[in-house]
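Q: First, the structure itself, so that you have it in front of you.
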Amino acid sequence: MAVAASTRRRVVTTLAAALAGTIAVPAYAQAAENKPARHKKPLRRAHAHNDYEHDRPLLDALSHGFTSVEADIFLVEGQLLVAHDPVDLDPTRTLESLYLSPLAVRVRANHGSVYRGYRRPVQLLIDIKNEGAAAYAELHRQLRRHRRMLSTYAHGNVRPGAVTPVISGDRAARAPMEAQPVRHAFYDGRLDDLAAADPAPASFIPLISSNWTHSFTWQGAGPFPVAERAKLHAIVSAAHQRGQRVRFWATPDLPGPARDAVWTELLAADMDHINTDDLAGLERFLRTHDA
């Protein structure tokens, strides 16, 4: 996806001002660097979809115990800016300022973990919105600065870290990633990858993601069709046999019985990540039903 010329000019002009020090870093981000969040039991299935749209990107999700957060990025004049659409680009909202730096501060404060005493990696799902190969090249450069806290693939081996970046979005990022002997990120696969005759290993694709509506008609009203339930369980089972995790986006997310019914079926299928924009709602559900 190309960034419109007028949007690019506006972003670049503002970016120059930001780099000159005329635009302040958000106060909440500065405060977070000096005050680690209080301990809350992490929720291993909780995924914050479009996390950056919350009042405090990353920090709100962590305050609810989420262990996976999603950030969309655009490459603009060498900067990785976080936004869903080009019109929303803001040069103060970079991947570094909203996610990488706050995570690094928190990992140091918690002695090597995002949550103190929690040894599983927290997933940072990064959705590349434009210029896939070039955006990934810049992303790799930025991730390398934080490699001590990141899960790393090196010459056939994976070393888990406090944070596991997983790259989604523009599929042009795949080829340069596959060619790297050492990388600090992994790839977000699709159901086609799960069904491939010669599938990529979990050391490259640890996550399989798909649009719920492309595989299922059920939206939570009435009983879950037997064939669709069997399909859901088969997908999760196949991924788990290969050491991969599964996430569906576009599941029902409005509060109510239909959403609860879908979430209940996802739990029953041992879904790895439940996708939501409602941080408090999913936290309540998981703390009640997935203790």
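The values are calculated or read from the model by the stated rules, or taken from the named source; none is laboratory data. Computed from a predicted model, the values in this text were never measured in an experiment. Here the Cβ is made from the backbone with ideal geometry for all residues, glycine too, and neighbour counts use every protein chain on show.
Every residue, every condition in (1) touching a Phe, Trp or Tyr at 6+ places or on another chain (Cβ under 8 Å); (2) among the hydrophobic types (A, V, I, L, M, F, W, C), yes or no:
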residue: 125; (1), (2): no, yes
residue: 133; (1), (2): no, yes
residue: 143; (1), (2): no, yes
residue: 155; (1), (2): no, no
residue: 176; (1), (2): yes, no
residue: 189; (1), (2): no, no
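Q: Separate question: Which condition breaks for residue 91 when tested against (1) of a type outside the set (A, V, I, L, M); (2) closer than 19 Å to residue 132 by Cα; (3) touching a residue at least 40 places away in the same chain (Cβ under 8 Å)?
A: Condition not satisfied by residue 91: (2).
Q: Which residues, taken from the range 123-150, are of a type in the set (S, T, N, Q) and more than 19 Å from residue 48 (Cβ to Cβ)? Walk me through it before giving the result.
A: Initially, the range 123-150 is screened for residues of a type in the set (S, T, N, Q), giving 123, 130, 142.
Of everything in the range 123-150, those that are of a type in the set (S, T, N, Q) and more than 19 Å from residue 48 (Cβ to Cβ) turn out to be 130, 142.
Q: Separate question: So how many residues does the range 147-170 have that are part of a loop (DSSP other than H, G, I, E, B), at pLDDT 95 or above and touching a strand residue (DSSP E or B) at 6+ places or on another chain (Cβ under 8 Å)? Break it down into steps so the answer makes sense when it comes.
A: We begin by selecting, within the range 147-170, every residue part of a loop (DSSP other than H, G, I, E, B); these are 151, 155-156, 160-162, 170.
If we keep only those that are at pLDDT 95 or above too, we end up with 151, 160-162.
After this cut, where a residue has to be touching a strand residue (DSSP E or B) at 6+ places or on another chain (Cβ under 8 Å) as well, the list is 151, 161-162.
Adding up the residues that qualify gives 3.
Q: Further, regarding this structure: Among (1) assigned to a loop (DSSP other than H, G, I, E, B); (2) at pLDDT 75 or above; (3) not hydroxyl-bearing (Ser, Thr, Tyr), where does residue 39 come up short?
A: Exception for residue 39: condition (2).
Q: Just to be sure before I move on: is residue 136 out of contact with any Leu (no Cβ under 8 Å at 6 or more places or on another chain) and touching a residue at least 24 places away in the same chain (Cβ under 8 Å) in the structure I sent?
A: yes
Q: Looking only at residues that are among the charged types (D, E, K, R) and over 25 Å from residue 86 (Cβ atoms) in the range 134-185, which one is surrounded by the most Cβ atoms within 10 Å (Cβ to Cβ)?
A: Restricting to residues being among the charged types (D, E, K, R) and over 25 Å from residue 86 (Cβ atoms), the top hit is 183.
Q: Note down all Cβ pairs under 7 Å where the first residue falls in the range 248-277 and is more than 13 Å from residue 220 (Cβ to Cβ), the second is of a type in the set (Val, Ile, Thr), and they're at least six residues apart or on different chains.
A: Sorted first by the residue in the range 248-277, then by its partner, the pairs are 269/236; 270/236; 271/236; 271/246; 272/246; 275/251.
Q: Follow-up question, since we're still on this one. Among the residues of the range 216-232, is there at least one that is under 16 Å from the mean Cα position of the chain (by Cα) and in contact (Cβ under 8 Å) with a residue 40 or more places away in the chain?
A: no
Q: Also, I was wondering about something else. Can you name every residue in the range 68-97 that is touching a Phe, Trp or Tyr at 6+ places or on another chain (Cβ under 8 Å) and polar (S, T, N, Q)?
A: Passing the criteria: none in range.
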